[in-house]
Amino acid sequence: MKPNAVIVGCGRVGAELAAALGTRGFHISIIDKNPKAFEALHPGYEGKTLVGPGFDQELLERAGIGDAEIFIAVTNGDNSNIVCARIAKEYYEVPRVAARIYDPRRAQIYERLGIPTVATVAWTTDQVLAKVLPAADSMEWTIGSGEVVVVGIPVPESLLGKSLSELESPGKVRVSALTRFGQTVVPDGKAVGQEGDFVHLSVLRSALPQLEEMLAKGGTAP
């Protein structure tokens, strides 16, 4: 049985997310207030389309939110996105939730609530996938001929209050950037993990399985 993913907002990004998650084996339900919005969906889309607001409880349950593994809100309104995301996270306890927030100041608030947000103008499908998928499936880009990839992960709970350098492994894994409260920086060696942090790692492709195993165990890098 395919895992469920629910998307609110069927603009260009919502349609791209539906296609990307569909190719990764998810059953997709996408919600939009405008029925014409579904024309943006890629040819061959096989999931559900539901018309209405993304915070409507009956609509969400028809979309399968009760057993959804991923919920993403990408409408054009910050308020709608965050209301939907909070319902998914706090009421339905969806494991992986993300929301698009245009206002960076708001993004900081919601990151503190444990809701990953993307607040930049240059928002991409890859960025949100990096926030809701396992590291090996959430590559943000590749470097050179593909031997090195950049992946994004929420900071592991085991590293809260500890040095982010514990994620690193010589020749295999390097912390390349840190996103905290909507702002991305290149961290120094003294940076410690905080709740809501999102870490970008440069990883040798062959080390991805080891990285996944490490994250699953909450330990240190391979």
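Every number in this text was worked out from the coordinates using simple rules, so none of it is lab data. Since we're looking at a predicted model, the values are computed, not measured. Glycine also receives a Cβ, built like all others from the backbone with ideal geometry; neighbour counts cover every protein chain displayed.
Values for this structure:
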quantity	calculated
Interchain or long-range residues, amide H under 5 Å from residue 162's placed H	193
Net lengthening on full extension, residue 91/residue 62 (0.36 nm per residue, minus Cα-Cα)	8.9 nm
Karplus-derived 3J(HN,Hα), 6.51/-1.76/1.60, for each residue of the stretch 60-67, Hz, glycine and proline x	4, 6, 5, 6, x, 5, x, 10
Above-threshold pairs, the threshold being 30 Å between Cα atoms, out of 2/36; 89/172; 2/190	89/172; 2/190
Burial ordering of 23, 49, 179, 184, fewest other beta-carbon atoms within 10 Å first	23, 184, 49, 179
The stretch 143-159 and the stretch 82-96: distance between their alpha carbon centers, rounded to Å	26
J(HN,Hα) series, the stretch 163-172, from Karplus relation 6.51 cos²θ - 1.76 cosθ + 1.60, nearest Hz, glycine and proline x	5, 5, 5, 5, 6, 8, 9, x, x, 10
80, 29 arranged by Cβ crowding within 10 Å, fewest neighbours leading	80, 29
Low-density loop positions, trypsin sites (Lys or Arg not before Pro), the stretch 155-195 - DSSP coil, at most 11 other Cβ in 10 Å	190
Kirkwood estimate for the stretch 135-217, i.e. one over the average of 1/r between Cα atoms, Å	12.8
